[in-house]
Amino acid sequence: MRYIKIIFYLILINIVDQKIANITYDYFLIFPLTFLVYSFYVYKSDSITSSSEAFLFGLFVDIISESFLGLNAIFFCLIAYFINIYSNTFKIFSYLQICLFFGLSSSAYVGFSQMIINIWNFSYITLLVSSVFNIIFCIFIAISSAYLPYFVKRRL
């Protein structure tokens, strides 16, 4: 049942990701929402995500997003590996350090995927704009999740 729910969320997030990509690609911005959501799932998961599970979910995302077969599978395996290895270290990190990790990992995802997809048309502007945006987005999400419940509770 858990896997069906994850597959449903991946399909939904991938549809949103493709709609956002159609809008932001003209502004040299790539926002890997599916990658970030899967990374957040692995980070918040109580159990250790196996490499075969990450690989299969990555292949599924490759199929539904019509990208190169194995591209997301490799990145999902890598992020699951890094998060599982450093899961105890993340407990002593601050929100800012965790946001920087997820922002930089999404920037690495953008950079490597653009090197594979657009090898003859690689754009450093896209990489720079995407990196800045992804880091700011991750920091904004952390701030809103940390302080929004306080403001909502205070107003009630």
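Set side by side, the residues Ile15, Ile48 differ, and just one is in a helix (DSSP H, G or I) and farther than 17 Å from Phe112 by Cα, which is Ile15.
Regarding Ile13, is this residue at negative phi, out of contact with any strand residue (DSSP E or B) (no Cβ under 6 Å at 6 or more places or on another chain) and surrounded by 13 or more Cβ atoms within 10 Å (Cβ to Cβ)? Judged against the criteria, Ile13 is a match. Restricting attention to segment 48-102, the residues being of a type in the set (Ser, Thr, Tyr), in contact with a helix residue (DSSP H, G or I) (Cβ under 6 Å, 6 or more places away or on another chain) and either over 22 Å from Lys5 (Cα atoms) or surrounded by 19 or more Cβ atoms within 10 Å (Cβ to Cβ) (or both) number 2.
Just so you know, all these numbers are worked out from the coordinates, no wet-lab data involved. Quick caveat: nothing in here was measured; it's all calculated off a predicted structure. We place every Cβ from the backbone using ideal geometry, glycine too, and count neighbours over all the protein chains shown.
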